[in-house]
Every structure is written in structure tokens, then in C-alpha cells.
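Reading through the C-alpha cells given below for one structure.
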Amino acid sequence: MLPEQGHLLRIFIGESDKHEGKPLYEWIVKKAKESGLAGSTVLRGIEGFGAKSRIHSAKILDLSTDLPIIIEIVDELEKIENFLPIIDEAIPEGLATVEKVHVRFYRSKQK
């Protein structure tokens, strides 16, 4: 169960970012699961830029191998705050935000 008033952790990194020899987004999702968080979703952006102001794009003529990746995790604020130090050192470049969200439902299909 998730409380009605949850929080969203949104992490912005690059597709080519690595940690311990695997894609950083995969490592973060694994750590989120190990930490008992409610769930996570990885989104691949088609274009974006970050702190270095370099545009990464999925356009055919300018195909980037480092497209934007967003990892979203919704859970209680306390769990998110406990999770952030676990991943902090593994993210050399990126952005993390936490915002309040209203959880309407959180369920799985059970037989």
C-alpha cells in the first residue's frame, strides 16, 4: 500500500552513463527494488540537454548515443529520502527532484 499523499523521485541521467559495468539506469532500478520501494519506471527521452548545455537528440541525422533517461519512483517521502544516499555517489552527472504527488491507486492483478 501507498499513502494517498506520496512523493515522486525523478532522476535525470544519460543513456550512456554506467555504474559497476552496467547501464546506470538498470543499476538504479535494481537498487530501488532491493530497497523495497514501490516501483520504478525508466523513460527514454527523444531530445534534451543538461548542465553542460549539449543537446542530445534522436534525430536521424544527429543520432545521439547518449539520449536523456528519466527514472521515476513513487513512494513515501521517508523511503525516498533513505534511498537517495544509496544512489548519490553513483550519479556523477544528472539531476534528481522530489515532489509531492497524489496517489489515486497502486495495485497489481492478483489471481
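The values are calculated or read from the model by the stated rules, or taken from the named source; none is laboratory data. All values derive from a computational prediction rather than experimental measurement. In this analysis, Cβ positions are derived from the backbone assuming ideal geometry, glycine residues included, and neighbour counts consider all displayed protein chains.
Here are the numbers:
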| read-out | value |
| --- | --- |
| Pairs, first without any contact (Cβ under 8 Å) to a residue 24 or more places away in the chain and closer than 13 Å to H7 by Cα in the range 86-111, second among the polar types (S, T, N, Q) and surrounded by 10 or more Cβ atoms within 10 Å (Cβ to Cβ), C-beta under 7 Å, six or more apart | none |
| Only one of L37, L24 that is surrounded by 14 or more Cβ atoms within 10 Å (Cβ to Cβ), touching a helix residue (DSSP H, G or I) at 6+ places or on another chain (Cβ under 8 Å) and modelled with pLDDT of 95 or more | L37 |
| Unmet requirement for I86, which otherwise passes all of (1) touching a helix residue (DSSP H, G or I) at 6+ places or on another chain (Cβ under 6 Å); (2) surrounded by 16 or more Cβ atoms within 10 Å (Cβ to Cβ); (3) in a helix (DSSP H, G or I) | (2) |
| Residue match in the range 65-74 (condition: under 13 Å from the mean Cα position of the chain (by Cα), within 21 Å of R107 (Cα to Cα) and surrounded by fewer than 17 Cβ atoms within 10 Å (Cβ to Cβ)) | yes |
| Within the range 89-111, tally of residues that are part of a loop (DSSP other than H, G, I, E, B), within 25 Å of W27 (Cα to Cα) and at pLDDT 90 or above | 7 |
| Where S53 falls short, out of the listed (1) assigned to a loop (DSSP other than H, G, I, E, B); (2) at pLDDT 75 or above | (2) |
